[in-house]
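I have placed the structure first, in the form of structure tokens, so that the comments after it can refer back to it.
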Amino acid sequence: MERLTTIHIDKESHKFSAAHFTVFSATERERLHGHNFSVSARIVAPVDDNGLTGDYAVYKNQIRKLCDSLDEYTLIPADSPYLTITEDGDYYHVTHDADTLILLKADTLIIPVRNTTVEDLSHYLLETLVEDKPFLEAQDIREIEVMVSSGPGQTGSSFYKVK
């Protein structure tokens, strides 16, 4: 019988700071504000003959790369039906209802999500991990869940079953 186990990677250093706003409707959104988001993962994989499920350093490095890719940016949801995003030289113009935010491109990431919520951010980060097939295969990962928290008691997660 194959022995599977679940490990949880939840390091204090797995964080990113980002500005965002949640869009509620065609006429309502939050003001632009920021969070120190934390990212953790739950990984299911077989235990090897030495009692290990994989190299924790590899898992931690993957999560760190995800956090680094979003750190210190303003995050804008590319797929929101309520936003219009245009470019003007070094700036993005992000229009919602009658308001337009003018954001420096160098400080802004337009990411393929419908909203910059913990639910959509967890899915985005999970998809990024799952796209790295060599990582999943080399670690023999069977299931992976990515959790994103915007503060204590406010976490969203997304789950993928590999095999």
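Restricting attention to the range 7-18, does a residue exist that is part of a strand (DSSP E or B), of a type in the set (S, T, Y) and either within 15 Å of the chain's Cα centre (by Cα) or within 14 Å of L66 (Cβ to Cβ) (or both)? Yes, because at least one residue in the range 7-18 is part of a strand (DSSP E or B), of a type in the set (S, T, Y) and either within 15 Å of the chain's Cα centre (by Cα) or within 14 Å of L66 (Cβ to Cβ) (or both). Could you please find all residues in the range 139-163 being of a type in the set (A, V, I, L, M, F, W, C) and either free of Cβ contacts under 8 Å to residues at least 60 places away in the same chain or within 23 Å of S80 (Cβ to Cβ) (or both)? Hits for the range 139-163 are V146, M147, V148, F159, V162.
L75 passes every criterion in (1) touching a Gly at 6+ places or on another chain (Cβ under 9 Å); (2) surrounded by 15 or more Cβ atoms within 10 Å (Cβ to Cβ) apart from (1).
Restricting the range 105-139 to residues that are of a type outside the set (S, T, N, Q), touching a strand residue (DSSP E or B) at 6+ places or on another chain (Cβ under 8 Å) and closer than 16 Å to K60 by Cα leaves a set whose member that is surrounded by the fewest Cβ atoms within 10 Å (Cβ to Cβ) is V130. When the test is whether a residue is surrounded by 11 or more Cβ atoms within 10 Å (Cβ to Cβ), under 21 Å from the mean Cα position of the chain (by Cα), part of a strand (DSSP E or B) and in contact (Cβ under 8 Å) with a residue 40 or more places away in the chain, A41 passes it.
We did not get these values from a lab; they are worked out from the coordinates using the rules stated. Keep in mind that this is a model prediction, so the values were computed, not measured. Backbone-built Cβ (ideal geometry, glycine too); neighbour counts: all protein chains shown.
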